[in-house]
Amino acid sequence: MLETLNRWFDLLLIHSDDRLLPLDETFSRFGDIRIPKVYTGFVAPRPDLEKGRALRDDLGLPPGEKLIVASCGGGRSGYRLLKSVLAACRRLRGRLPLRLEAFCGPFYGGNGIP
């Protein structure tokens, strides 16, 4: 993969924020990427308010309840992310009505999250 990337591509766009989770923390061969690397931030379409309302209805969320969605891939970074999200939700419990929906990839190694 690295040989193909370095030979045939001019630039690697990383759809993330390096202040949150730098790629070199999850990809051990990051230093072997010889082409320029640019973090784009998170890229998402504009929210569709009607779809958002329909989702809230489907989930049975009452007005005022916040929906927190946490999604991670697999490996060591996923565990840290979900552990942090759970800790934040615990701190908010009682102060803010919320629901957490969490998803992870098939190779997630975070067994034992309390």
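The values are calculated or read from the model by the stated rules, or taken from the named source; none is laboratory data. Quick caveat, the model's predicted, so the values are computed rather than measured. Glycine gets a Cβ as well: all are built from the backbone with ideal geometry, and neighbour counts include every protein chain shown.
Odds and ends about this structure:
- Of the listed requirements (1) small (Gly, Ala, Ser); (2) touching a His at 6+ places or on another chain (Cβ under 8 Å); (3) within 21 Å of ALA102 (Cβ to Cβ), GLY41 misses just one: (3).
- Selection from region 13-51 of residues that are within 14 Å of the chain's Cα centre (by Cα) and either on the phi > 0 side of the Ramachandran plot or basic (Lys, Arg) (or both): ARG19, GLY41
- Among the residues of region 85-114, the ones that are exposed (fewer than 10 other Cβ atoms within 10 Å of the Cβ) and modelled with pLDDT under 85 come to 5 in all.
- Being at pLDDT 90 or above and within 21 Å of SER84 (Cβ to Cβ) is a property that ASP24 has.
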